[in-house]
Amino acid sequence: MTELKPICALGGAEPASRRIGALSLREDAGLGLASLALRAGAPAPALGLVLPGPGGWAEGAGLAAFWTGAGQWMLEFPGGAGRDLAAELAGPGLSVTEQTDGFTAFEIQGPAAELVALLEKLVNVDARRFGPGSATRTGFHHMSVFVIRRAPDRLAVLGMRSAAGTIWHALVEAAERQEVPA
Amino acid sequence: MTRLSGGLIDRSRSLTFTFDGKTYQGHAGDTLASALLANDVRLMGRSFKYHRPRGVIASGSEEPNALVELRGGAWQEPNTRATVAELFDGLAARSQNKVGSLGFDLLAVNDLLSPFFSAGFYYKTFMWPRAFWEKLYEPAIRRAAGLGSLTHEPDPDAYDAGFLHCDLLVIGGGAAGLTAALTAARAGAQVILADEDFRLGGRLLAESAPLDRPATDWIAGIEAEFAGLPNLRVMRRTTVWGAFDHGIYGAVERVSDHLASPGKRVRQTLWRITTKRAILASGATERHIPFADNDRPGVMLSGAMRAYANRWAVSPAKRVAIFTNNDDGHRTARDLLAKGVEIAAVIDPRPAASGAGYRTIQGHVTGTKGRLGLSRIEVTANGRSEWIDCGALGVSGGWNPNIQIASHHRGRPVWHDGLQAFVAGPGGPVGLIPAGATSGQSSTAQALVSGAKAAQAALADLGITATLPDLPQAEDQALNLKPLWHVPGKSRAWVDFQNDVTVKDIKLAYQENMRPVEHLKRWTTLGMATDQGKTSNVTGLAVMAELTGQSIQSTGTTIFRPPYTPVALSVLGGGDTGTHFRPRRLTPTHDWASRQGAVFVEVGQWMRAQYFPRAGETTWRQTVDREVLATRTGVGICDVTTLGKIDVQGADAGEFLDRVYCNAMKSLKVGMVRYGLMLREDGFAWDDGTCARLAETQYVVTTTTANAGTIYRHLEFCRQCLWPELDVQLISTTDAWAQLSVAGPNARKLLQRVVDGFDLSNESFPFMACANLTVCGGLRARLFRISFSGELAYEIAVPARYGNALIERLIDIGADLGATPYGTETLGVLRIEKGHAAGNELNGQTTAQMLGMGRMVSTKKDSIGAVLSRREGLVAERRVLVGLQPVDASQPVVAGSHLFAEGAAQDTASDQGWITSACYSPHVGSAIGLGYLDNGDAQLGEQIVAANPLQAQQVVLRVVSPHFVDPEGGRVRD
């Protein structure tokens, strides 16, 4: 174990979190990520879940995956940020790239209706049709992010680690505006 | 007060507001315009050019005259239409475009000078002397002819943006819009109903008895049903202002403009609505009939006069007259009469037109009187004229369907003889269906049916079956219109109130051969004001048609662009301002650099440490000189994370890279790095970087910071589209790794202190080697022995979250070795001293040959740009990269200066090149530069002049090798 101390994408020693009305926002610094691409003619590896198709996100035991392109997925390992995922997943016919530090993950929890309303302010997806199990890459405040609907009451936004501050600001601002009484 | 009975205002809630500092009272439900009329204020503004007194002429968003400034301080907003400003307690409004008071505007002198301000006057006058235009004429014209004023302060309001998706967007919540939304929502479709008003109903609210029951009851019933339909979203105070590609519509929701205390609410929200189909139920705008002096306050559209009476319970005067060429004008007379307003006369040129209870004159209005408001009208009938006292005149010349949005995709409106109006033509936004008055349906009954049927048809297209709802009985009267486009006369008759365009101006345009509609528009400015000619365009075209003797159809019409009504730039920005105007990317060492007091610089979206000042250093140069010397004598550390990093894997990764780089990469050995140059298709140099082979089927490619995104996109295009047969996979890892440059003679010693048992000796890890390893007790890392500074140097990469800790560790444990952080300024100096090309040299006009890398373009393989790099013009290029040094060491070297032979004329013909980069070199002891010079190789040692005409600078430079430091390259290999 290295003696160096990591910091979170937002710069803190501990992940940031906010409770804004009915919504809770949390920086997930522990999420391990690795991209997986199948080489020519290679079958999908046995990971304990069926790798989802376009627009999909699927959850297995200890990992999840979402589609990022033809024959390509991003694999998520909750609490797996400290693992050497590229080495663990390496196998014949697979191109695996460590991505844990490439992204910052923000998890948002709240009532389904609140999440739908929030989505409408965040990204250009049809919020009502972006149900649990959906994932997409889309524009967000002039950046590219992954948005995942993990459950009716859970939403995740994954974006460039370097832009964590901008993403967090935009999420918090949208949540705060939503909570202003009409 | 001129309040009438009835109306849809809440008389139990009185609201206090001010206009030009004077306090008035209104009621909830009022607009600023209705409340002012209720307070007997008819004079609301001054006209654009002639500063004529003007009052409100409309009751909706088409209003051209009653433009006011709302709110104060930095919140002040000019050019707000009083007709759509919802009244709230404490609202403060001011008139605009005046010098002095609204009642006594000094610039009204313009009206006396009107013969000089006719159509196209600014194209004909102020031509001489030329220099006067910018300093004198233009400012004077802008001062005299203008609208509201800007505060020149940042907008303190917050704005928001959002995205909506639906099956059907219904634009407009009047009779047709309501039945369209109801029909579609009952069928289960996802529907959005947007209306610019704060209350649904459109013209139903303005009429006395449009339905077989009170219209408000019917609307309330529908609204109650709407509230229970989760698939329908009703957006009040929301203007759909533009149609864009692929079913996208722009809409602005006024969230808190109507609130006295908005609190934390945003002011407005910009919505991007993506819809499968849309119904344009935006109604119609009444047109007036130009006649002599028809612009006095009190002269207004007849339908507006009726709306003020029925909806807002107000009449602009106690005694009014109507001038109409259709039955709608009589409806106004009847409604006002029923509310106790005296009807002086209805002037109707149609034979046998009459109404019960008021005097009807078959004639024309031919003049008006009243200094700041209408007091009398001149009526001419059967060759005789009489003056009739009245405080207001309602004018009705027919109705123009609001088809603006239907022509946003260059859909050209077509003339409909039966309707005597332009209707939406072909070529408009795909999937947009006009309904109701927008489609020319003039009665309420027709509008109700039309909306429902339009929705049914739109949903049928989507495979959704919709049933027509039961509709109330509604008025179904025809207009019986007899065209009357203007009343001939010698005095000025206004066509476009907002831009002060008269019938005379159109005649002048005709005489000066500005007859095509587009010329007419630009010569006279007809329809070019903030209202886009909603009340004037068709009338102006008809006048031109009359003059040319052509039909209106063959005269044609101009078309419309977004926005339908003015949209604030702030809301178009979506609310992102200041530091949040665009994404801000921070490097992994940002926190640490901040704590060291680094000065940061924006590099694209990145914030990079520019330099690290220390106590006692008073200029940035002192800091940078120190950092440069510390690196060249000890060891310097710089965060270079921002360079693009792309992971390239697959069985054909080498072949792929061979095709995108001009030099060979397939032959690169595992564990080694090679400098690479990419060319554009046209053979010019595009981007450079390094290519490291980490495994047999894995490379890591770096790009310049500026091109990180574009090169990745290019490589993906090559992979997916050009060579899909290659087995190669790409993914960006720019953010994943914190990468530090460790450069200087002590670099190896310093790194030896952090690597875990890794042999850094020259033999084991030579120049251009790379490896996976661990550092600091097991942290996985990548090490590249590459140099941008000309020193013994490495780049070490660790997972981004450890970047901050790693630089802190290196600086701490390297104190005895002189470990010094440096920023982008020093990075630039080091690379210029070494003669490395960067963005300044790779500006899209340079070839590999100019960079001294002509032979890197391999002839043993094909690659993008290779063939075209060998074309005649590029091969003949003689400019090459050279170093430049002032003969007098105290002289500056300025990037951008052009190079000339001593004594030669300094013009384009004798230009020999230019300086691309320059800096002060503490190593050389003077300023130095890099530049492209004709036959630079042959001019080494010679003198040349750098001309900087912007600052009248001439500096004599010596042409030298671009490698000011260690030209043999020994240091990097030590």
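Rounded to 0.05, the FRET efficiency of the B:Lys669 and A:Val172 pair, given R0 = 51 Å and the Cβ-Cβ distance, is 0.55. Spatial offset of segment B:345-388 relative to segment A:55-121 amounts to 77 Å, using the alpha carbon center of each. Listed cross-link partners B:Lys49/B:Lys490; B:Lys482/B:Lys521; B:Lys49/B:Lys534 are compared with a 24 Å cut-off, the Cα-Cα value being larger for B:Lys482/B:Lys521.
Extension gain, B:Arg680-B:Asp20: 0.36 nm per intervening residue step, less the Cα-Cα distance, totals 231.3 nm. The mean number of partner chain beta-carbon atoms within 10 angstrom of a residue's beta-carbon across peptide A:99-106 is 5.
Remark: mean inter-chain Cβ contacts per residue of B:544-556 equal 0, using a 10 Å Cβ-Cβ cutoff to other protein chain atoms. Given R0 = 25 Å, the distance between the Cβ atoms of B:Lys318 and B:Lys482 translates into a calculated FRET efficiency of 0.25. Checking every one of the trypsin sites (Lys or Arg not before Pro) in segment B:821-922 against DSSP loop status and a limit of 10 other Cβ atoms within 10 Å picks out B:Lys860. Extension gain for B:Asp974 to B:Asn843 (0.36 nm times residue separation, less C-alpha to C-alpha distance): 43.9 nm. Name all residues of segment B:884-907 having a backbone nitrogen under 15 Å from the label point set 7 Å from the Cα of B:Leu950 along its Cα→Cβ direction, giving them as ranges. Zone members listed by number: B:893-899. Label separation (B:Trp128 vs B:Leu868): 5.1 nm, computed from points 7 Å beyond Cα along the C-beta direction.
Between B:Ala738, B:Ala108, B:Val255, whose Cα lies farthest towards the positive end of the dipole of the protein assembly as shown when Lys and Arg beta carbons carry +1 and Asp and Glu beta carbons carry -1, centred on the Cα centre? Comparing the listed Cα positions along the dipole, B:Ala108 ranks first. Taken as Cα centroids, segment B:802-851 and segment B:297-341 sit 77 Å apart, rounded to the nearest whole angstrom. Checking the cross-link filter: which lysines have an alpha carbon closer than 23 Å to that of B:Lys453, excluding same-chain neighbours under 8 positions apart? Correct list for B:Lys453: B:Lys276. For segment B:657-748, the gyration tensor built on C-alpha atoms gives a prolate shape. Its axis ratio a/c (a ≥ b ≥ c) is at least 1.5, and a/b is the larger of a/b and b/c. Partner shielding of A:159-169 amounts to 6, given as the average count of beta-carbon atoms from other chains within 10 Å of each residue beta-carbon.
To the nearest 0.05, what FRET efficiency results for B:Ala227 and A:Ala151 with a Förster distance of 30 Å applied to their C-beta separation?
Efficiency, rounded to the nearest 0.05: 0.55.
Classify segment B:483-557 as rounded, prolate or oblate from the Cα gyration tensor: take a ≥ b ≥ c as the square roots of its eigenvalues, call it rounded if a/c is under 1.5, otherwise prolate when a/b beats b/c and oblate if not. It comes out rounded by the Cα gyration axes. On C-alpha positions alone, give me the angle between the axis of helix A:164-179 and the longest principal axis of chain A, in degrees, nearest 10. For A:164-179 against chain A, the angle is about 40 degrees. Need one word for the protein assembly as shown: rounded, prolate or oblate. Basis is the Cα gyration tensor (sqrt eigenvalues a ≥ b ≥ c); a/c below 1.5 gives rounded, then a/b vs b/c decides. It comes out prolate by the Cα gyration axes.
Taken about its Cα centre, the protein assembly as shown carries a charge dipole of about 2340 debye when Lys and Arg each add +1 at the Cβ and Asp and Glu each add -1 at the Cβ. In order along segment B:411-426, phi translates into HN-Hα couplings of x, 8, x, 10, 7, 10, 4, x, 8, 6, 7, 7, 10, 4, x, x Hz, rounded to whole numbers, per the Karplus curve 6.51 cos²θ - 1.76 cosθ + 1.60 with θ = phi - 60° and x for Gly and Pro.
Using the Cβ of A:Leu47 as centre and a radius below 15 Å, the other residues enclosed give a net charge of -2, where K and R count +1 and D and E count -1.
Segment B:419-498 and segment B:922-974 have Cα centres spaced 74 Å apart. For chain A, the relative contact order comes to 23 percent (Cα pairs under 8 Å, sequence separation of at least 6). Pairs with C-alpha atoms separated by more than 20 Å, drawn from the list A:Lys5/B:Lys749; B:Lys339/B:Lys369; B:Lys318/B:Lys369, are A:Lys5/B:Lys749; B:Lys339/B:Lys369. With the simple model of a label 7 Å out from the Cα in the direction of the Cβ, B:Arg878 to B:Asp756 spans 6.0 nm.
Which of the peptides B:637-648, B:226-237 is most tightly packed, and how do the rest follow, judged by the mean count of other Cβ atoms within 10 Å per residue?
Going by the mean number of other Cβ atoms within 10 Å, highest first, we get B:637-648, B:226-237.
Here the relative contact order of segment B:1-129, from alpha carbon pairs under 8 Å that lie six or more residues apart, stands at 25 percent.
With K and R counted +1 and D and E -1, the other residues having a Cβ less than 15 Å from that of B:Gln622 yield a net charge of -1.
Placing a pseudo-label 7 Å from each Cα along the Cα-to-Cβ vector at B:Phe198 and B:Ala938 gives an inter-label distance of 8.0 nm. The value of relative contact order for chain B, using C-alpha pairs under 8 Å at least six residues apart, is 9 percent.
Read-outs: derived from the displayed coordinates by stated rules, not from any lab. Small disclaimer: the values here were computed from a predicted structure and weren't measured. Virtual Cβ from ideal backbone geometry, glycine too; neighbours counted across all protein chains shown.
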